[in-house]
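Coordinate-derived values only; no laboratory data. These numbers come from a predicted model, not from an experiment. Glycine also receives a Cβ, built like all others from the backbone with ideal geometry; neighbour counts cover every protein chain displayed.
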There are 2 protein chains.
Amino acid sequence: MRADDPFLSRYAHGTRAMTASEIRALFAVAARPEIVSLAGGMPFTAALPFDVVGDVMSEVLAHEGPAALQYGGGQGDPRLREVLVDLMRHEGIHASGGDVVVTAGSQQALDLLARMFCDPGDVIVAEGPSYVGALSAFSQYQVQVCHVPLDDAGLDPDKLSNELDRLSREGQRVKFLYTVPNFHNPAGVTLTDERRDRIVEIARRYDVLILEDNPYGMLGFEGDPPTTLRARDADNVVYLGTISKTFCPGLRVGWVLAPPAITERLVLLKEAADLCSSNFAQAVAYRYFAEYPWQQTLKSLRDVYRERRDALLDSLSEDLPPEVTWTRPQGGFYVWVRLPERLDAKAMLAKAITARVAYVPGGSFFADGQGSSFLRLSYCFPPPDRIREGVRRLAGVVEEELDLLRALGGLRAPTDEPDGAGPAGWGGVQ
Amino acid sequence: MRADDPFLSRYAHGTRAMTASEIRALFAVAARPEIVSLAGGMPFTAALPFDVVGDVMSEVLAHEGPAALQYGGGQGDPRLREVLVDLMRHEGIHASGGDVVVTAGSQQALDLLARMFCDPGDVIVAEGPSYVGALSAFSQYQVQVCHVPLDDAGLDPDKLSNELDRLSREGQRVKFLYTVPNFHNPAGVTLTDERRDRIVEIARRYDVLILEDNPYGMLGFEGDPPTTLRARDADNVVYLGTISKTFCPGLRVGWVLAPPAITERLVLLKEAADLCSSNFAQAVAYRYFAEYPWQQTLKSLRDVYRERRDALLDSLSEDLPPEVTWTRPQGGFYVWVRLPERLDAKAMLAKAITARVAYVPGGSFFADGQGSSFLRLSYCFPPPDRIREGVRRLAGVVEEELDLLRALGGLRAPTDEPDGAGPAGWGGVQ
């Protein structure tokens, strides 16, 4: 590496990489036992049926050991791809295993798709806020991310249409729309049925490909979300799936379902990136979903997460001051919290850590410096009692910050209307 | 994807991707049971101790199940990194686990390092021939690969020095030297001790980083190779290791040992690429190398491969016509065969497949169209009898081609001196 290396300068001064490092440092701190971490989005793997997993692994070694420990094909195990097609049928998708490429989690799919489509200076449209790992993958390719606001009904079609219109008029080259329609990370909201049709139509109209990232779709607490975008437009939607939340992240198995021309190129990129995914992990995933009652495990995982979601929402209502608002997820892992505008969630984090509670500041979920008064809370990992304790600690920190602001005259009294968004605006629900 | 997408045009017309597809098609054909495949470099995983592997996996599930099925850190399991440091001590390397980054095999290391260092138009220097997976990874970043010839003593330092001199005079920006010093893929040769010192010195002199890729170093049949380049220059050599050949490829565990400034950036790239490697796979690798007699398995693997190497070399001597020459590997998986210049190994492949034997044509191992009269034979996977049968079939095809050439007047009689390289030239050994 030379001092004038563009990589070096990109990383030394880039905001994305700083965020990634900061988040890493945060997670390291948040892992200390005295801290209640509402930061990481780690699934609760302790609830998995380890006897079943042990049986599956023994079967794989006994029946296909040499092949499972061998290199595999770049596209992935054909048996697993068929099983993934069956899984997607639950979400209204009809597809063939030949159109699936197995990846190392969805993260690798994001990386390879960005590599396939993006050149420096290209534009990607994404929800604001957006999954931090996607922003991090995209930033490798020096693209510009344009955020379109979400509200409680998900991505706003009117604002999407306006943004695509603006970009088109400016002659910008939009490579794709990246979206998480179900139980959004970090916003917790779900795109309504009516908006799904509109968004598919708008993307068509502006000739923009959709990347539909769906890690949480099977983790609905009050029923399934509306059918996927891919089910509505097979030709213009690339669908990203993963077993990280329905089974476990430790096997690193995700997948892409795409039109054949993309699939073919994706396999080449996958081979250049890491030759192939683990045959062993794929064989385990295949047998788990093909031969074991995975729905039963999924149901118990949903029960675990529902209870934790309830614990978090109840505690937020009980403990947080009225100036703070948040979303009410019907599935997935996350609640998106809006602080009064003058509070800075990143600056407040040090105090939160001192008070032994951790969260992810909202700015991490934007590529353009927005989000400073937001934060993400995850309820997936800590048990309900710890969640309640964490919220009490967080509430203490927020109260202190508000007292300080009031003393400095920077905030109206709590009985006043909050700054900024009215009742229909983002975060207006509580 | 739009029709004018640079990706599309790069792939539709690029020679690299065609080669990758062709190799994929070749391997698909070569997998047919009636064909003796001397093409793929698949380790003989059937020789692994499956009872041990089963025990290790059960232990991991019993003692650290929830963590093993969870996300992990981007740099990799710290316990595994310490064990990898111990492994590298066998090769003369003294390092710390903090300087190691775990990757999805060495292939991901190649991809991420190329991503870190290369911009379109940059130059990479590599042996000619070179590992096809490395060429494929580098080609993603639109670099120019300059090949420096190998001979039976490995990469030629004088030619390296000349090439770096030429590139420097032309103002070209050389990002690194990529080299496989031990039991080279595809050439089978090993860099001599004396040349190692010279190459390290030359790279220093021209301020060019070395990427030392060492998948086969522990697979020596007549003793260990000379100490690694990394052991000779810790500051200017990035070392790539893998357990794919000493244990198994199915876990996708490789690693990079690099100076701290590179390690730090590599972790960010790894996280953007796939978040982390499989915790489960890393825990299995850790326990296997920390707690089980892996040297014993390695010894039996070496015995298996030595016997196969001998079978291949003996059959080549017995069956192939005198115009054909080849290398004599002292370890690893590959023999590099030189046909008389007028024979084209790629054109001959269809006939070989018809004769039920497969190999990889030499052109795949060059980024610049060289190598048409070479081919790579792998002896790692088929048992000795199949290897002998494969060589007999290959010899028949070569004889036919030579007869045809002689009939057309394109080749001198077999008693004449072969075209091209003299006795000291590449491929002069037999």
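Comparing A:R302, A:R115, A:R205 in a Gaussian network model of chain A (Cα springs below 10 Å), the most mobile by mean-square fluctuation is A:R205.
Given +1 at the Cβ of Lys and Arg, -1 at the Cβ of Asp and Glu and no other charges, the dipole of chain B around its Cα centre is 620 debye to the nearest 20. Of the residues A:V284, B:V148, B:V304, the one with the fewest other Cβ atoms within 10 Å heads the list, and the complete ranking is B:V304, B:V148, A:V284.
Ranked for footprinting exposure by Cβ neighbours inside 10 Å, fewest first, B:C248, B:C118 give B:C118, B:C248.
Comparing mean-square fluctuations of B:H184, B:H94, B:H147 from a GNM of chain B with C-alpha springs under 10 Å, the top value falls on B:H94. Per residue of B:261-267, other chain Cβ atoms within 10 Å of the residue Cβ number 2 on average. Here the stretch B:50-291 is described by how far its Cα atoms reach on the three principal axes: 60, 41, 28 Å, from widest to narrowest. Helix B:294-319 against the longest principal axis of chain B: what's the angle in degrees, Cα atoms only, rounded to the nearest 10? Roughly 10 degrees between the two axes. Label-point separation (nm) for A:H90 and A:E400, each offset 7 Å from Cα along Cα-to-Cβ? Rounded to a tenth, the inter-label distance reads 4.4 nm. Of the residues A:R169, A:R309, A:R386, the one that moves most in a GNM of chain A with alpha-carbon contacts below 10 Å is A:R169. Only the Cβ atoms of Lys and Arg (+1) and of Asp and Glu (-1) were treated as charged; on that basis the dipole of the protein assembly as shown about its Cα centre amounts to roughly 140 debye.
Pairs spanning more than 24 Å between alpha-carbon atoms, out of A:K175/A:K270; B:K245/B:K270; B:K245/B:K346; A:K159/A:K351: B:K245/B:K346; A:K159/A:K351. Placing +1 on the Cβ of every Lys and Arg and -1 on the Cβ of every Asp and Glu, with nothing else charged, gives the stretch B:50-291 a dipole about its Cα centre of roughly 500 debye. Counting only alpha carbon atoms, the long axis of helix B:78-89 and the longest principal axis of chain B meet at about 50°.
Label points for B:R302 are taken 7 Å from Cα along Cα→Cβ. From this copy to the others they lie 5.6 nm apart, shortest first. Taking the convex hull of the alpha carbon positions in chain A and averaging its projected area over all directions gives 21.8 nm².
With semi-axes defined as the square roots of five times the eigenvalues of the C-alpha gyration tensor, the equivalent ellipsoid of the protein assembly as shown measures 51, 27, 26 Å, largest first. Taking a ≥ b ≥ c as the square roots of the eigenvalues of the Cα gyration tensor, the stretch A:265-377 is classed as oblate, since a/c reaches at least 1.5 and a/b does not exceed b/c.
Across the identical copies, the label point of B:G92 (7 Å from Cα in the Cβ direction) is separated from its matches by 6.4 nm, in order from shortest.
Neighbour counts of C-beta atoms inside 10 Å place A:C146, A:C276 in the sequence A:C146, A:C276, starting with the fewest.
Considering only A:T325, B:A355, A:P340, the residue lying farthest towards the positive end of the dipole of the protein assembly as shown is A:P340, judged by Cα position with unit charges set on Cβ. Each other copy holds its own label point for B:A25; taking that point as 7 Å from Cα along Cα to Cβ, the gaps run 5.3 nm, nearest first.
Peptide B:46-58 has a mean shielding of 3, counted as Cβ atoms of other protein chains within 10 Å of each residue's Cβ. Quick one: angle between helix A:345-354 and the longest Cα principal axis of chain A, in degrees between 0 and 90, rounded to 10, please. Tilt of helix A:345-354: around 90 degrees.
Three principal axis extents of the stretch B:125-191 based on alpha-carbon atoms, in descending order, are 33, 29, 12 Å.
Share of antiparallel DSSP beta bridges in chain A, in percent to the nearest 5? Among the beta bridges of chain A, antiparallel pairing accounts for roughly 50 percent.
Between B:Q370 and A:N162, the simple label model (points 7 Å from Cα in the Cβ direction) yields a spacing of 6.0 nm.
The mean number of Cβ atoms from other chains found within 10 Å of a Cβ in peptide A:114-125 is 2, as a whole number.
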